[in-house]
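Below is one structure; the comments refer to it alone.
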Amino acid sequence: MDFEGYFSALRGRDILVMGLGVSNRPLVRLLLAHGCRVTACDKTPREKLDAEALALEAGGCTLHVGEHYLEGLAADVVFRTPGMHPDTPALAALRAAGAVVTSEMDAFFSLCPCRTIAVTGSDGKTTTTTLIGEILKAAGKTVWLGGNIGTPLLEKVPLMRPENFAVVELSSFQLLDMTHSPEIAVVTNLAPNHLDIHKDMDEYIRAKKNVFRFQSAAGKLIVNADNAITAPMVGNGKTERFSRAAEADCCCLGGKIYLHGDTLMDASEILLPGTHNIENYMAAILATSGLASASDVRGVARSFGGVEHRIELVRTVRGVRYYNDSIASSPSRTIAGLRAFPEKVILIAGGYDKHIPYDVLGPEIAAHVKLLVLGGATGAKIREAAETAENCPPIVECANFTEAVYAAARAARPGDTVLMSPASAAFDQFKNFMERGNYFKQLVWEME
């Protein structure tokens, strides 16, 4: 079914859109434009809704918001927001009553007219997705970049052409009930994450596998051979692996990156710091193999400086370098950040508790941190992990994020590196990791 056919089939039907986040607002407008009866449900109380949300109401959308937003619901079709588990009782009741439950992203994959590449994993999703897009653009391709990276793509479908590429980042929440997979799927790595939402680690892994579960025999799966969970994965079509430890379809050995046995480039040509970014780059190389030239790949490696909130150099103040790694909402992500620096750093960590283990972080803190500054709900867990390890660095505990940044700045001396890499989500004090990162940058820029 094409785009117009899909939405025309919904005309006159009762549609529920669960959540009024970034991806669902364009969806509401699309549904209204095609004559649907739309109700948008969100837990935000009316008095806290912004002007854009209220404009949807003025355009014909019924708003069902506040504490009881999941009560008294009925619909023909429900679009689930990624943050709502498919087994939520309200969704289960709607299904039992005959409603079809789908999502903006699943609808996109069913309607997308161009080639699709999707990236998921516990860490490195955004950087890898962005690298794939940059390499394809260097090769002269038209690229539509979106998904969990922040740009809704469904409304862009009428503008896409068969020769274009949709490069999409997918979270486990988006993948939970997906019924479509991209032509090329990348799983960067997997480690415990989001266990505050997922029932258990098995469900988290099963969700991630949906990125390739529905591929045809013509599909391609790319996985990390060095990760115990992803290494055994096999797709329905071709499966390729990347590795920093052994020979693979793309590997980094002796400081050189090889693609299918041939030397492609020196790893030192990659501008992004850290061995984890070598992994991200190898994943991008395999995803674009046959679609871009070696010179395209090398050109992006030498020029791409990274994505905001991902080991982002904010400023050097009185000889102290401040890095924003707010995206690091898990221990594995913070470990990758710590390993990106040759020197020991002053680490600011702690935040919202996703109920994931922190024991693996302890030895890494001992090896890479000269001062640990903690705050937030996970501060005590991180402290316990650090103190369990030998050679635990000095620890400073702070009441809130602002105090933690100031404490790190007071302790820093010329030549030091301050890394804000929380190993935790931001929701205890901020709306999301972007807000946390931007606030950190604001504090750093206000320093004299």
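Values as computed for the structure displayed
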read-out: Tally of residues being under 22 Å from Asn280 (Cα atoms) and open to solvent by 30 Å² or more (accessible area, probe 1.4 Å) across the stretch 308-322; value: 4
read-out: Of all residues in the stretch 180-218 being touching a Pro at 6+ places or on another chain (Cβ under 8 Å), at pLDDT 90 or above and not hydrophobic (A, V, I, L, M, F, W, C), the one that is farthest from Glu240 (Cα to Cα); value: Tyr204
read-out: Residue in the stretch 95-105 that is at pLDDT below 95, part of a loop (DSSP other than H, G, I, E, B) and more than 16 Å from Gly147 (Cα to Cα) present; value: no
read-out: Residues located in the stretch 70-105, provided they are closer than 12 Å to Thr39 by Cβ and surrounded by 21 or more Cβ atoms within 10 Å (Cβ to Cβ); value: Ala75, Val78, Phe79, Leu94
read-out: Test: Pro393 is within 30 Å of Glu448 (Cβ to Cβ), open to solvent by 40 Å² or more (accessible area, probe 1.4 Å) and either assigned to a loop (DSSP other than H, G, I, E, B) or among the acidic types (Asp, Glu) (or both); value: no
read-out: Some residue of the stretch 267-276 being in contact with a Pro (Cβ under 9 Å, 6 or more places away or on another chain), touching a residue at least 24 places away in the same chain (Cβ under 8 Å) and surrounded by 19 or more Cβ atoms within 10 Å (Cβ to Cβ); value: no
read-out: Sole residue being in a loop (DSSP other than H, G, I, E, B), modelled with pLDDT under 95 and more than 22 Å from Lys431 (Cα to Cα), chosen from Pro82, Pro86; value: Pro86
read-out: So Glu343, is it surrounded by fewer than 24 Cβ atoms within 10 Å (Cβ to Cβ) and more than 23 Å from the chain's Cα centre (by Cα); value: yes
read-out: Residue within the stretch 236-249 that is surrounded by 15 or more Cβ atoms within 10 Å (Cβ to Cβ), touching a Gly at 6+ places or on another chain (Cβ under 8 Å) and in contact (Cβ under 8 Å) with a residue 60 or more places away in the chain present; value: no
read-out: Strands (runs of 3 or more DSSP E) lying entirely in the stretch 107-224 (those with 2 or more residues that are touching a Gly at 6+ places or on another chain (Cβ under 7 Å) and open to solvent by 20 Å² or more (accessible area, probe 1.4 Å)); value: 143-147
read-out: Exclusive hit being free of Cβ contacts under 8 Å to residues at least 24 places away in the same chain and small (Gly, Ala, Ser), set Ala218, Ala191, Ala207, Ala231; value: Ala231
read-out: Residue list for the stretch 117-154, filter: without any contact (Cβ under 8 Å) to a residue 60 or more places away in the chain and hydrophobic (A, V, I, L, M, F, W, C); value: Val143, Trp144, Leu145, Ile149, Leu153
read-out: Condition check for Ala426: closer than 26 Å to Met201 by Cα, buried (at least 16 other Cβ atoms within 10 Å of the Cβ) and touching a Gly at 6+ places or on another chain (Cβ under 8 Å); value: yes
read-out: Residues of the stretch 30-49 classified as open to solvent by 40 Å² or more (accessible area, probe 1.4 Å) and within 25 Å of the chain's Cα centre (by Cα), total; value: 2
read-out: Cβ pairs under 6 Å, 6+ apart, first in the stretch 346-374 and more than 19 Å from Phe433 (Cα to Cα), second open to solvent by 10 Å² or more (accessible area, probe 1.4 Å) and of a type in the set (Ser, Thr, Tyr); value: Gly362/Thr388
read-out: Filtered residues of the stretch 168-187 (kept if polar (S, T, N, Q) and in contact (Cβ under 8 Å) with a residue 60 or more places away in the chain); value: Ser171, Gln174, Thr179, Ser181
read-out: Residue satisfying condition, being in contact (Cβ under 8 Å) with a residue 24 or more places away in the chain and within 26 Å of His180 (Cα to Cα), within set Gly5, Gly59, Gly21; value: Gly21
read-out: Residue in the stretch 323-339 that is assigned to a helix (DSSP H, G or I) and open to solvent by 40 Å² or more (accessible area, probe 1.4 Å) present; value: yes
read-out: Identity of the residue in the stretch 290-305, among the hydroxyl-bearing types (Ser, Thr, Tyr) and part of a helix (DSSP H, G or I), that ends up farthest from the chain's Cα centre (by Cα); value: Ser295
read-out: Only listed residue being among the aliphatic types (A, V, I, L, M), open to solvent by less than 10 Å² (accessible area, probe 1.4 Å) and touching a Cys at 6+ places or on another chain (Cβ under 8 Å), chosen from Val373, Val418; value: Val373
read-out: Filter result for Lys238 (within 21 Å of Asp296 (Cα to Cα) and charged (D, E, K, R)); value: no
read-out: Members of the stretch 359-382 that are in contact with a Phe, Trp or Tyr (Cβ under 9 Å, 6 or more places away or on another chain) and in a helix (DSSP H, G or I); value: His368, Lys381, Ile382
read-out: Test: residue in the stretch 401-413 that is modelled with pLDDT of 95 or more, more than 22 Å from Arg310 (Cβ to Cβ) and surrounded by 17 or more Cβ atoms within 10 Å (Cβ to Cβ); value: yes
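The values are calculated or read from the model by the stated rules, or taken from the named source; none is laboratory data. Since the model is a prediction, treat every value here as computed from it, not as a measurement. Because the Cβ atoms are built from the backbone with ideal geometry, glycine has one as well, and the counts that use them run over all protein chains shown. Keep in mind that these areas ignore ligands, DNA and RNA; they rest on the heavy atoms of the full protein, side chains included. Shrake-Rupley method; radii C 1.70, N 1.55, O 1.52, S 1.80 Å.
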